[in-house]
Structure formats: structure tokens, C-alpha cells
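The values are calculated or read from the model by the stated rules, or taken from the named source; none is laboratory data. Bear in mind that the values here come from a model prediction, so they are computed numbers and not experimental data. Positions of Cβ are generated from backbone atoms using ideal geometry, with glycine treated the same way; all protein chains shown enter the neighbour counts.
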Amino acid sequence: MRTARHTALLMQRQFVQMLRNPVWLFVGFSTPLLYLVLFTPLLKHFTAGGSTGLVLDVFLPGILALLAFASGMSSGFNTIFELQSGVIERFRVTPASRFAILIGPLLSGMIMVFVFDALVVAVASALGFHINWAGIAILVVLLSLLMISMAAFSVATALVTKDISAFAAVINGLNLPLLLLAGVLLPISVGPTWMRVVAHFNPLYYAVEGARALCSGSFGAAAVWQAFAVLGPLCIVVVAWATSVFKKAVA
Amino acid sequence: MHTGTDAAIVTDGLRKTFPSRKGPVEAVRGVSVSIGAGEIFGLLGPNGAGKTTTLRMLTTLLSIDAGTAMVAGFDVARQPKKVRERIGYVSQLGGADDLATGRENLVLQGRLYGASLAEVKPRVDELAALLDLAEFADRRVKTYSGGQRRRLDVALGIVHQPTVLFLDEPTTGLDPQNRANLWEHLSALKDLGTTIVLTTHYLEEADVLCDRIVIVDHGQVVAEGSPRELKRRVAGDAIVITMRDQQVATERGLALLGGKSFVREISADGDQLRLYVEDGGAAMPELLRVLDGEHIGIKSMTLSEPTLDDVFLRQTGRSLRDTGAGDGARHGTEVAA
């Protein structure tokens, strides 16, 4: 009960911080739209039929997973900033639960991403993307799991490294291979066998495959249950780890 | 010493060691202090002495390697939650949200301590009056001056009316006027019954503000008492004479002046002679006369009341200012010769 109250308070705080940062809002809204505008046209030749709608049906679920992943992975930058400005230390001396201090801001980041997503989906649908509402509803749950896992990982990494350059090196070093081995932009199935094997160790791969299946309405597809089977436990493990990092000394 | 019920904080053999590439660093090596309820207590020492580490252990931010600490009646290691409810902490960084207003910061802080919105609102007005925040409370913190920001930081630390308030280097980076202003506010807080524990490397701050201090060096307490008691131990005023001709003059000066009855202590360091005398004002003309009589030329002669730096020097053999912590806290009168 107390944890829920503290989580809500810290979530609300983070919301206010984000909404008062115009640069952040601008980048948040424009990034996904840039993908739509500058990348979709390139894909037309790779898709049978070649209509924008069909391209988006394959490509958009990948963008949504990418946005969730990227937003989660970048959460730690804010953590570094708040470590250095003393905000986190101020909260850690209060009786607020450590879990709430960790999760509160992540939840508001997550809600903002869904706001961006809604805009992208709306624009895409105007361009011919076929919306499967039930699929989108389940996708929200799947992407929440992905985002919280990545964000908790990123925040814990920030708490361990404590320093912007070390943190950025770790996160950027992980971002690229994880992105390339997930089939976000092009399906991994067009790649060679070894790539397809390695991809199975990448949580983002399952999110992307699951997202594609959900958006096309194939709820019974293996990709859907596999995505939940991977991301559900991953989320629990990473959040538990991050909370324990938080509880320990953060010098 | 404060023991039993009137002690706000009692620590016994507090230790903290950090791992590092060059091997373990013992930041705090057995700090035992007892801080009475309602005191302003200072931890004075150079940078890296272990003051902040000690404070962070007492405020539950850092685990304790060895020893015990009772704060506001609870064991820090065993009952951190109970301790957190009863203490306030203002870190060196402050940690207010730049993009929020002072009032918003205070309201959130109050609510994190469990107050309802209806309870916290009048409390924020109270704090705004107490710390002179009213004028800018509804502006974003980003626009605050250093002094305004620091007062907000203190307000954030006391929203929940803690029994003990910890302040880490509260006036570092403030100009003298804002520093004096914050001291006044902290004294006012003390009058309301709050126990205040602060770290500082400003001698003047410890001197003006604190009821009692400990001098910390290399993770250990090297002296403890009220600033007045500590200074009295140094005995009298300090005079520093810089010689024109280094060696001969210093050696002769040492022999010559060391024999005078009014000189309590004398030591030589490079081209400088350092003397402790009972009454500096009376001693200076006498010293000049003696040196002049022997044709020993001097560059300058400086008189100062004993400062905590003299205490530090006596306890550690080093000047606090030589350790890189200095801020010219010595008020000297210089006599050119």
C-alpha cells in the first residue's frame, strides 16, 4: 500500500519533469515519425505487393518494439543525471520504498512511450496500416514487459557505473548488436543460419517476432507465447536485481 | 559526553573500508562520538578525512563495516527505516528538482514522508516563512541563486520535522554573506530543538556555528570539544615571523626568542618561526625589539588569535589549509618590517 503510494508520487514527479523538458518531448515525438517517413519508403521494394500498408504491417511492429527497447535502455541516462544532482540520494534517505524509487520514474517513461506509440500508429493507419485492436492490446502488455526489463537493466547499470561515459559505453555497446540481431528493421529470417541461432539469445528478437504476430492477429503463433515466456521471467529477474543494486550502497 | 536518554547520536568504533585498485582504503577508522540532543555538532577536517563517509553511514546511505551507531534512538544497521523517518539529510549536492518549483519540491518531499496533501500545505508555508523562501517558492528551482537553493535544500531536509538534521558541507560554494545568512537559519532551527550534525572544512563555520566539534583526520577523531575548549588547549595567540635570511636567522631566532618567558611554544619551519604567546598584542613589540637589537631582519610578522587551524596543526602536525581545504579563515594582522 505504502509502496504503491510512493510509486504513484514518484511517477507523477517524473511526468512533470518530462513534460517541462521541451527538447525531450520534441525528440520523443519526432524519432518514431522519422522512422515512418524516412525508412518505410525504402522497404517498398522488399515486400510482395509493395503497398505502403503491407510494408507497414511488417515494419511497424518492429518500430514499436524498437521504441520500447530504446526508451528502456536509455532510462539510465536520467539515473546518472539524478545521481550527480543528488536527487536519488535525497529520495534514498526518505522512508520511500526502494522499489518505488526505482519503478516510479520507469512507469511514467513507459506511459510516455505509449503516447508516442499511439501517435505513430494513428499516422501509420492513415497510411494504410491495418490495426488489429486485440493484437494491439496484448502488444501493450508485451512491450511493457520489454520496457521495464530494459529500463531496470539500464538503471542498475547506471547505478553500478555511476559515470556517464562508462554507462554510455556499456549501453551503446549493447544496443547495436541487440538491434541488429533482432530483426527490427528487416526480418531475421532472411539472414543466414548462425544469425538466426544467435538471435534466439536476444530478448528483443522475441519482442519483435511477438509484436509482428500480434499485429497480424495470429494470437496462436509460437512467437506470441515464446515472447511472453522469455520477457515475463526476464522482467522479474532484472527488476529484482535492480532493486537489490538500489538497496546496496550507491556511493 | 552525552550518554543515555539525552544523546541524539551515539557511535562506537564506526568503520568503513572501500575497495580500490591500489588496495582497500580505510575511509573511517573507528569513529566514536556522542552527540547530545539539541546540539549543533560539527565534523571538521580536510577533504578526504572521512567526514562525509561517516555522515553517509549515519544516514543509512552506506552500510557500516564495523562498530555501531544509534541515531534518534534506533540502530542504524538494524532499523534503517525507523532512522529514516526521524532524520533529515542535506547532501553536498542538495538534490532539488530543477524543473519543479520550490513549493512543488517541498510538497513531494512531505508526501514521501507520509503526509497528506492537506497536511503538507500549511507545513510548506511554515517552512517558507522560517527559511525566507516565500518570495521565490513558486519559481522553478533552476532560476534560484546559490543561497536560495541552499535554503530550499535545508527546507527539504526538515519538511517532516526530523529530530536530527544532517548537513554535508552546507555552505560550500556560498559567498560570505549567504554563508552567514544560512548560519542564522541553522541557529534558528537549533532553537526549535533540532539536533544538527554538519561536516565542514571551514574553520570559521565550525567556530561560529557549532556547540561542539570533533576534528577528523585520516578517518579518526583527533580532538573533541567545544571550539572554545579546543582553542584554549592551544594556549594563547599565534605569531608567525617570516625571516629575511633563512637559516641563520631562524636558528638564532629560535634560540633567542625561545628563552623569553612570555613565549609558550616555538617551532621553526623553513624561513618561518611559529610562536604561541599569551598576549599577542603585548608580545609583538617586544619580539620586534629583541630581533632588531640582534640585527635580525624579518620580512613579516603575523598575529592571529588561535584558530581551529592551530588546533588542527597541533593535533596532526599539518595545517588544515595545507591539506587543500583552506579558505583563508585566519584573521591576521600583518606587520611589514
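Observations, loosely collected:
- One residue stands out among those in the range A:173-231 that are in a helix (DSSP H, G or I) and among the polar types (S, T, N, Q): the one that is surrounded by the fewest Cβ atoms within 10 Å (Cβ to Cβ), which is A:T193.
Listed here are the residues, each with its yes/no results for (1) loosely packed, with under 15 Cβ neighbours inside 10 Å; (2) outside any loop (DSSP other than H, G, I, E, B); (3) modelled with pLDDT under 95; (4) aliphatic (A, V, I, L, M).
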{"position": "B:V124", "(1), (2), (3), (4)": "no, yes, no, yes"}
{"position": "B:L127", "(1), (2), (3), (4)": "no, yes, yes, yes"}
{"position": "B:H160", "(1), (2), (3), (4)": "no, no, yes, no"}
{"position": "B:N181", "(1), (2), (3), (4)": "no, yes, yes, no"}
{"position": "B:S187", "(1), (2), (3), (4)": "yes, yes, yes, no"}
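A quick yes/no check of all residues on (1) more than 22 Å from A:A213 (Cα to Cα); (2) modelled with pLDDT of 80 or more; (3) assigned to a helix (DSSP H, G or I):
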site: A:V27; (1), (2), (3): yes, yes, yes
site: A:Y35; (1), (2), (3): no, yes, yes
site: A:L43; (1), (2), (3): no, no, yes
site: A:A48; (1), (2), (3): no, no, no
site: A:V55; (1), (2), (3): no, yes, yes
site: A:I63; (1), (2), (3): no, yes, yes
site: A:A70; (1), (2), (3): no, yes, yes
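- Picking from residues in the range B:94-128 that are of a type in the set (G, A, S) and farther than 22 Å from B:Q148 by Cα, the one that is nearest to the other protein chains (Cβ to nearest Cβ) is B:G114.
- Failed item in (1) within 14 Å of chain A (Cβ to nearest Cβ); (2) surrounded by 23 or more Cβ atoms within 10 Å (Cβ to Cβ); (3) over 15 Å from B:F166 (Cβ atoms), with B:T54 passing the rest: (3)
- Residue among B:T60, B:T68, B:T52 that is over 26 Å from B:Y144 (Cβ atoms) and outside any loop (DSSP other than H, G, I, E, B): B:T68
- Within the range A:114-132, the set of residues being part of a helix (DSSP H, G or I), under 15 Å from A:L64 (Cα atoms) and out of contact with any Gly (no Cβ under 8 Å at 6 or more places or on another chain) comprises A:F114, A:V115, A:D117, A:A118, A:L119, A:V120, A:V121, A:A122, A:V123, A:A124, A:S125.
- Test: residue in the range B:3-24 that is facing another protein chain (nearest Cβ under 9 Å), at pLDDT below 95 and surrounded by fewer than 23 Cβ atoms within 10 Å (Cβ to Cβ): yes
- Annotation note: Cβ proximity below 6 Å between a residue of the range B:216-227 that is at pLDDT 90 or above and a residue that is among the acidic types (D, E) and not in a loop (DSSP other than H, G, I, E, B) (sequence gap 6+ or interchain) occurs for B:G219/B:E26.
- Of all residues in the range B:100-114, those satisfying the criterion of being surrounded by 17 or more Cβ atoms within 10 Å (Cβ to Cβ) and not in a helix (DSSP H, G or I) are B:A100, B:T101, B:Y113.
- Qualifying residue in the range B:191-200 (condition: in contact with a helix residue (DSSP H, G or I) (Cβ under 7 Å, 6 or more places away or on another chain), in a helix (DSSP H, G or I) and closer than 29 Å to B:Q272 by Cα): no
- Failed item in (1) more than 14 Å from every other protein chain (Cβ to nearest Cβ); (2) within 19 Å of the chain's Cα centre (by Cα), with A:L56 passing the rest: (2)
- Residue in the range A:75-106 that is farthest from A:A240 (Cα to Cα), counting only those that are more than 13 Å from chain B (Cβ to nearest Cβ) and surrounded by fewer than 21 Cβ atoms within 10 Å (Cβ to Cβ): A:F77
- Candidates B:E119, B:E85, filtered to the one that is surrounded by fewer than 18 Cβ atoms within 10 Å (Cβ to Cβ), within 28 Å of the chain's Cα centre (by Cα) and not in a loop (DSSP other than H, G, I, E, B): B:E85
- Filter result for A:V37 (within 30 Å of A:S189 (Cβ to Cβ) and either within 14 Å of another protein chain (Cβ to nearest Cβ) or crowded, with 18+ Cβ neighbours inside 10 Å (or both)): no
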